[in-house]
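Below is one structure; the comments refer to it alone.
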Amino acid sequence: MLNSKRLVLAHFWLGFLAFFLALLLGEWQMYVRSPLFPGLSNPELYYRSVTAHGSAMAYVFPILVAMGFGYAIVELALKRPLLGKKWAWIGYWLIVVGTIVAMVPVAMGLASVLYTFYPPMIGNAFYYIGVVLVVVGSWIWVALMSINLHAWKKDNPGAPIPLAMFANVAGAYLWAWTSVGAALEILFQILPVALGFKTTIDAGLARILFSWTLHAIVYFWLIPTYIAFYTLVPRAIGGRLYSDTAGRVAFVLFLVFSMPIGIHHVFQDPQVGEGFKFVHAIFTGMVSVPTLMTVFTITASVEIAARLRGGRGVLGWVKALPWQNPMMLAVAFSFILLGFGGAGGIINMSYLLDFTVHNTQWITGHFHLIFGGAIVIMYFAIAYDLWPHLTGKALQSAGMMRLQLWLWFIGMIVVTFPWHYVGILSIPRRMAYFDYSDPAIAPQALSVTITFIGGLLLVLSALLFLAILVRGHLGARVSLPEFRFSQPVHQPARVPIALNSFSLWLALMIGLTVVNYGYPIVKLMALETTSVPAVFVGVK
């Protein structure tokens, strides 16, 4: 029973609205870069759009989905009302206010610094204050997840934490720690300059602090997707989870390996020595372990569902899968896109190969395959699965859902594959426009046009997704069975304490972060001549 339906729906609706508006901005960017448009008279408009697109997609949208899903998990998995609902609403409104405060200066052209902030560029102070408000709102969610888990454990001593809640809290703790890096950068590096207290900034140190957040945030985005893999997919397709233990191990390994890897994003920066870059490259490879475990476990869970449906043979069971079920399509598409994106990530984590693709369209393609592909498509599936229990009304058309998922999958392939190709040719990313009259650039006109067409498919898919949700709101009320998460093949009566608590894993997460970031940060702070004059955006 969900007592916080309005709270969850408010988070989902605001999140998906931010997602759709950001998606429109992304498609506009592909249009103005294409030969279909004669060219921008003011390229600064493009960078306003990129900043708004990236900020909404990176901060507002996934945070709201994780929070809304997290509040639902508390009540559905723990089977008790959410503690601190008033605080949850305060967190929500902080995000609403923070989003408005941040986006107004972006729209005015006063904060075109992109979502990575790009010091020594400095935008209007209200942009950073807005981002801080969004993060503070999300920290309230982190606290509430911990408080609700603690209260449940106090009432159920020694009982296994339901896997959905265990993973949910792991994601909350990961976000709390990874967001510290960007918070330190904003509070101690950027805001003093933006508010006029300083005129210089240590851009190298600021970038290292942001790298603390830059890659681990991806795994925070992934956590709701992986929760859906483990706790929604097997039940939705008529099967069972292959291993509850494997799921717990995967989520605690994300805590350990997600943090000490961000410096691989600054391989080209001279401020950090090769030794620490190498260490971060190694840990970047290690973070693939929980993903590979998940691929194996969920594939085994899917096979169980197929064999329960009569599937036979080494691969014959694949035909027995419920391909008409939107959840089955979503997980298949997510795995395919995750595979392509992960393969590209191997190039990015290599200290030598990164020199080939750094700051090219390859990076754009890789990033969108992981986030826009593997992650967002499961956000759709989460909404489809929860919506009847949030509204009391059935979603009417499985056919429309399948069409929407197919459009998103095809659109993402059409958008990202050309980016990878031109990235190998060293075409830079984040360019406002290309001069296609230049013979050296002219051959790329086709690939940019193809990405624009792929973007149209994505916009159409998003419109269909919103239409399905709205139609669900307007439908007739139905009687629904009690919501349940996937059950494992073997329900554990007891769980080892290491897989039923977080103390060990939080200590490892914090310890590895300190080891892998402590020396570079302290070394940069000790240097005396590393600050450079700030460049204020929008100031003439």
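Multiplying the residue separation of Leu17 and Trp93 by 0.36 nm and removing their Cα-Cα distance gives an extension gain of 25.8 nm. For the pair region 518-540 and region 344-393, the centres of their Cα atoms are 31 angstrom apart.
Placing a pseudo-label 7 Å from each Cα along the Cα-to-Cβ vector at Leu45 and Val478 gives an inter-label distance of 4.5 nm. Taking θ as phi - 60° and the Karplus parameters 6.51, -1.76 and 1.60, the scalar couplings of region 309-324 work out to 8, x, x, 9, x, 5, 10, x, 5, 4, 5, 7, 5, x, 5, 7 Hz in sequence order, x denoting glycine and proline. Listed peptides 521-530, 101-110, 349-358, 269-278 appear in the order 101-110, 349-358, 269-278, 521-530 once ranked by packing, highest mean of other Cβ atoms within 10 Å at the front.
Each residue, Leu460 and Met400, gets one label point 7 Å from its Cα in the Cβ direction; the gap between the two is 1.7 nm.
The calculated FRET efficiency for the pair Leu425 and His150, based on their C-beta separation and a Förster distance of 60 Å, comes to about 0.65.
To the nearest 0.05, how large is the calculated FRET efficiency for Thr245 and Lys319 if R₀ is 30 Å and r is the Cβ-Cβ distance? In this case the efficiency is close to 0.50.
Sequence-ordered 3J(HN,Hα) estimates for region 4-16 from the Karplus curve with 6.51, -1.76 and 1.60 and θ = phi - 60° stand at 10, 4, 4, 5, 5, 4, 4, 5, 5, 5, 5, x, 6 Hz, glycine and proline given as x.
Of the cross-linked pairs Lys79/Lys154; Lys85/Lys393; Lys5/Lys86, those separated by over 21 Å at the C-alpha level are Lys85/Lys393. Taking amide hydrogens as placed 1.01 Å from N in the peptide plane, the amide H of Ile122 sits under 5 Å from those of Val535, Phe536, Val537, each at least 5 positions away in sequence or on another chain.
Taking 14 Å as the cut-off, the amide N atoms of region 1-43 that come nearer than this to a point 7 Å along the Cα-to-beta-carbon line of Lys85 belong to 1-10. Taking every DSSP helix (H) stretch of at least 4 residues in the chain, weighting each as -39,500 (n - 2.57) and dividing the sum by the residue count yields a mean residue ellipticity at 222 nm of -22000 deg cm²/dmol. Here region 113-173 is treated as a Stokes sphere of Kirkwood radius computed over C-alpha pairs; at 10 °C and 1.306 mPa s its diffusion coefficient rounds to 112 µm²/s. Note on Leu36 and Ala442: their simple-model spin labels are 2.2 nm apart, each label 7 Å out from Cα toward Cβ. Residues whose amide H lies under 5 Å from that of Thr200, counting only those 5 or more places away or on a different chain, are Ala534; hydrogens are built 1.01 Å from N in the peptide plane. 3J(HN,Hα) along region 34-42: 8, x, 6, 10, x, x, 7, 7, 9 Hz, from the Karplus curve 6.51 cos²θ - 1.76 cosθ + 1.60 with θ = phi - 60°, whole Hz, x for Gly and Pro.
Fully extending the segment from Ser501 to Lys198 would add 104.7 nm, taking 0.36 nm per residue of separation and subtracting the current Cα-Cα distance. Size descriptors for the chain (Cα atoms only): Rg and Dmax, in that order, 22.9, 71 Å.
Laboratory data are not the source of any read-out in this text; all were calculated from the coordinates shown. Please read all numbers here as calculations on a predicted model, not as lab measurements. Cβ: placed from backbone, ideal geometry, glycine included. Neighbour counts: every protein chain shown.
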